[in-house]
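Since every read-out is calculated from the coordinates, none of them should be taken as a lab result. Being a predicted model, the structure only gives us computed values, none of them experimental. Positions of Cβ are backbone-derived with ideal geometry, glycine not excepted, and every protein chain shown enters the neighbour counts.
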Amino acid sequence: MSAVLSRPQALDGPLVDAAFLADPYPAWRALREAGPIHWSEEFFGGAWLLTRHADVEAVLRDARFSAQRTGGWVNQAAAERGELAGFQKLFARALLFLDAPDHGRLRALLQPAFRPEALARLKPEIARIADELIDGLDDADEFDFITQVARPLPVRVISTILGIQGADRAEVMAWSDDLAAFIGAPEPTHEQARRAQASLLAMTRYFHEQLAAKRQAPGDDLLSSLLRASERGEIRDEAELLAQCAMLLFAGHETTRNLLGNGLQALLSQPGQWALLQQDPALVPGAVRELLRYDSPVQYTGRRVTTDLMLHGQRLRRGDLVLALIGAANRDPARHERPEELDITRADPGALSFGSGVHVCLGAALTRLEAEVVFGRLLARGPHWQLASEQPQWCANPAYRGLAALPLRRA
């Protein structure tokens with residue numbers, strides 16, 4: 001078993017508790033100040049926690065730390081051996097959990113839909129969706145921003161990119177919630193695993209129907225492009241194709257929703273920052289990058305060690321799980337001045353919220369664009385938005401940090 005480092009004295013009891021879910025940054029700061037690496041039994045039966053920007057970035061770029069970690073993850077959550085075989089078969093084929101050469105092969109097929117020229121063509125549609133959703137709030141004195149804007153907008157945008165129709169948006173969001181609860185749990189329960197499996201299989205059944213329709217009438221969309229790649233033999237089989245479709249629908253929704261909610265909550269909690277944006281909307285792109293650093297939608301990501309190695313005096317053995325603590329790295333004072341402050345004029349936020357290296361998030365530019373459009377549209381409506389509650393309602397998910405609700409009212 002890997003050597004064990006004691007938890008810092010400042011953290012008494014489990015790391016993930018109600019206080020952590022409300023605000024993980026004091027815990028991240030205490031861990032970071034106590035040392036660069038810690039062993040915790042709390043995550044997936046045992047994991048190394050890396051706390052500092054330099055180490056997190058290095059691990060995310062180092063091939064000795066593998067993204068292919070789902071086998072043990074799913075099996076640990078299964079009540080019986082083989083119970084989640086269908087889940088594992090699909091889950092492990094998604095781009096998120098692949099290394100070279102499969103990762104590069106599939107990423108090359110997906111990348112064109114997220115290039116700058118493709119996003120430039122998509123921007124008017126994002127603006128149209130944002131306007132439609134925000135226009136629907138004009139007669140409301142109070143509303144929930146998460147329900148009304150942050151959740152539906154990214155579902156509609158990724159659906160447009162994929163070229164899919166007919167999915168009930170509430171159903172898509174429920175599928176995503178089940179997958180996020182499983183992936184984000186420090187130790188997934190059997191019930192979380194079963195629900196995630198049911199939702200992933202429901203997603204693939206839906207995409208099976210959509211793919212059948214696209215074969216009959218292909219279009220200028222990502223789903224049609226993937227079908228053509230499959231016909232050329234660049235996608236190996238139906239399971240690999242379905243896994244990418246499900247991953248895109250999930251990932252295209254979860255991160256954007258949380259960036260929109262976390263970002264707006266942070267801005268409205270600090271009126272001076274919101275006022276700066278009102279005075280100069282050209283600051284919005286930089287503000288989005290700073291919001292990603294300040295309160296990342298993804299707080300940590302996992303890798304498996306592929307070979308025995310030493311790191312900060314600790315022996316990491318092949319198969320050990322390493323958690324790169326993105327939330328802690330983004331507030332590392334060795335990387336950022338005044339890291340605990342939100343400063344939308346910060347010259348170089350340098351956030352690791354979308355990862356780094358070959359596994360950097362495929363849709364990072366899309367997520368930033370969606371946030372820029374939404375915040376720009378909100379600013380254009382005038383200075384009348386304010387928080388309706390001083391107690392944010394955070395989701396009980398330590399990895400995917402986001403709000404369950406964000407009640408707003410007119411000033």
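Things worth noting here:
- The value of relative contact order for segment 150-272, using C-alpha pairs under 8 Å at least six residues apart, is 37 percent.
- Peptide ranges 150-158, 264-272, 107-115, 287-295 listed from the most packed, as the mean C-beta count within 10 angstrom indicates: 287-295, 150-158, 264-272, 107-115
- Prolate/oblate/rounded call for segment 186-314, Cα gyration tensor, a/c under 1.5 rounded: oblate
- Think of segment 154-266 as a dipole: +1 on every Lys or Arg Cβ, -1 on every Asp or Glu Cβ, centred on the Cα centre; then among Q216, P188, G252, Q216 lies furthest on the positive end.
- 3J(HN,Hα) from dihedral phi, segment 36-51, Karplus parametrisation 6.51/-1.76/1.60, rounded to Hz, x for glycine, proline: x, 9, 9, 9, 9, 7, 6, 10, 6, x, x, 7, 7, 10, 9, 10
- For the chain, the spread of Cα coordinates along the three principal axes comes to 60, 56, 36 Å, biggest extent given first.
- Counting only Cβ charges, +1 for Lys and Arg and -1 for Asp and Glu, the dipole size of segment 228-383 around its Cα centre is about 200 debye.
- Share antiparallel - DSSP beta bridges, the chain, percent rounded to 5: 90 percent
- Peptides ranked, highest mean first, by Cβ atoms within 10 Å: ranges 130-141, 174-185, 328-339: 174-185, 328-339, 130-141
- With neighbour counts taken as other beta-carbon atoms within 10 Å, the residues E341, E370 rank, fewest first, as E341, E370.
- Note on E390 and Q111: the model spin-label points, each 7 Å out from Cα along the C-beta direction, lie 5.0 nm apart.
- Virtual spin-label span in nm between Q278 and V360, 7 Å along Cα→Cβ: 3.5 nm
- Using a Förster distance of 56 Å, the FRET efficiency for D237-D135 (Cβ separation, nearest 0.05): 0.80
- Efficiency of FRET from Cβ geometry, E42 and R315, R₀ 30 Å, rounded to 0.05: 0.90
- The chain: most fluctuating residue of R52, R29, R121 per GNM, C-alpha cutoff 10 Å: R121
- Between G219, G252, G363, the Gaussian network model of the chain with springs among Cα atoms under 10 angstrom shows the greatest mean-square fluctuation at G219.
- Taking the Cα centre of the chain as reference, the dipole from Cβ charges on Lys and Arg (+1) and Asp and Glu (-1) amounts to some 1120 debye.
- Unit Cα scatterers, Debye sum, segment 175-249: log10 I(q)/I(0) for q = 0.12, 0.19, 0.20 Å⁻¹: -0.39, -0.78, -0.83
- Computed about the Cα centre, the dipole magnitude for segment 182-275 is approximately 120 debye when only Lys and Arg (+1) and Asp and Glu (-1) carry charge, each at its Cβ.
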